[in-house]
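Values in this text are rule-based calculations from the coordinates and carry no lab data. Just so we're clear, the structure is a prediction, and the values are computed from it rather than from any experiment. Cβ placement follows ideal geometry from the backbone for every residue including glycine, while neighbour counts extend to all protein chains displayed.
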Amino acid sequence: MNILVPNLGSTSLKYQVLAMPSERVLARDRIERVRDYRAAVAQIRLGDTPVDAVAFKTVHGGPNYRGTYLVDEGVLAALEEFLPAAPVHNAIYLAAIRAFQQEMPGVPLVAAFETEFHATMPEYAARYGVPTRWRERYGIRRYGFHGASHEYVSWRIPELLGRPRESLRLVSCHLGGSSSVCAIAGGRSVDVTMGFSPQSGLENATRHGDLDVFAVLTMMERCGWSVAEVRQQLAREGGLAGLSGVPGGDVRDLEREEAEGNRDAGLALEVFAYQVKKTIGAYAAAMGGLDAVAFTGGIGENSARLRALCCAGLEFLGIQLDAERNRSGEGDRLISPDGAPVAVVALATNEELIVARRAYRVLAGQREGCFSPPPA
């Protein structure tokens, strides 16, 4: 079964076609500067490679869609319902799904929600102290995102270290334009920095991280801003961009600005690293110890300086970096000294592989008559 997995960004579309269950990559490419997803879908070039299904790394479907499902009206309605919580992400996938429905009629479409991996979080880690009716009627809780990336890390790190997945206590740091940290015990997510929406947790490139909600209410009252105006500011002008004053909040731009004397750019990097550092410590406490820390995502995989800043001061937990390994090397690699109490690894994530695995299980299950839809 050949599964096409489009991984959608705000202005890009990268994709892989994987032969399942062998997991062989048949095609891959990337389309940049996307403005119209129907036009982008039409640009996908697969040659003679047939596609049996398309699987999407969908983001937020609320409490009833925290798994992998065939796309139907229920899936689309859930994406629409939780659009206010993930306005950029859900809008992109709604547009892409509709584009594929038109461009590839009759081809099964599968939605693999980012929240699936975090469905194993214990209730004490997922529940907010909000009025009961908020939880029960409107699904206000911690969902967590970047699930495909963190799930991939949960499989790849035991392979690299030659250790059993079931006994590994791991902190996965997915750091990029969008960032989150996940505590993984025995291959299962037990806590994650992102909560009800992808806005919360660590600072992102242009989206704020954790923020006292009363600061938002105060600004709305003082300035007379609407919900839409506040959402736009916090999603487009917050995060590392808001901290530094550097539009876009790209870490590469911040590092260059810092070198040129922009103190706020340097402070933004310090804020970001501090958040990651204290989260690693908190998650070590939550799991009763720590065996490995993984850095992935565009920043986590490629920025030696940010990895060093995030790990500095955590020697008391057994976290050490080998300076030369951290500075150099390519591919998935150990960047801590041999024999260190905690293994520190830099690696490339593979979200498309996880999505293809989930989709194959659903499609194979449907074919065998054992697939059941989510509750209404």
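In segment 210-221 there is at least one residue that is more than 23 Å from Ala91 (Cβ to Cβ) and touching a Gly at 6+ places or on another chain (Cβ under 7 Å). Note on segment 302-319: residues that are buried (at least 17 other Cβ atoms within 10 Å of the Cβ) and either touching a helix residue (DSSP H, G or I) at 6+ places or on another chain (Cβ under 7 Å) or β-branched (Val, Ile, Thr) (or both) amount to 9.
Out of segment 1-59, which residues are free of Cβ contacts under 8 Å to residues at least 12 places away in the same chain and not in a loop (DSSP other than H, G, I, E, B)?
Listed by number, the residues that qualify are Arg24, Val25, Ala39.
Filtered by the rule that a residue be under 20 Å from Ala235 (Cα atoms) and either of a type outside the set (Gly, Ala, Ser) or not in a helix (DSSP H, G or I) (or both), segment 253-266 gives Asp253, Leu254, Asp264.
Every condition in (1) in contact (Cβ under 8 Å) with a residue 40 or more places away in the chain; (2) among the aliphatic types (A, V, I, L, M); (3) in a helix (DSSP H, G or I); (4) over 16 Å from Thr349 (Cα atoms) holds for Val216 except the one numbered (1).
Against the definition (among the hydrophobic types (A, V, I, L, M, F, W, C) and more than 23 Å from Ala285 (Cα to Cα)), how does Cys182 come out, yes or no? The answer is no for Cys182.
Can we say Asp322 is surrounded by fewer than 20 Cβ atoms within 10 Å (Cβ to Cβ) and either among the hydrophobic types (A, V, I, L, M, F, W, C) or within 27 Å of Thr206 (Cα to Cα) (or both)? So Asp322 does not fit the description; no. Considering segment 52-92, the residues that are within 23 Å of Thr206 (Cα to Cα) and among the polar types (S, T, N, Q) include one that is nearest to the chain's Cα centre (by Cα), namely Thr58. Taking segment 121-136 as the range and being charged (D, E, K, R) and either touching a Phe, Trp or Tyr at 6+ places or on another chain (Cβ under 6 Å) or surrounded by fewer than 12 Cβ atoms within 10 Å (Cβ to Cβ) (or both) as the test, the residues that pass are Glu123, Arg133, Glu136.
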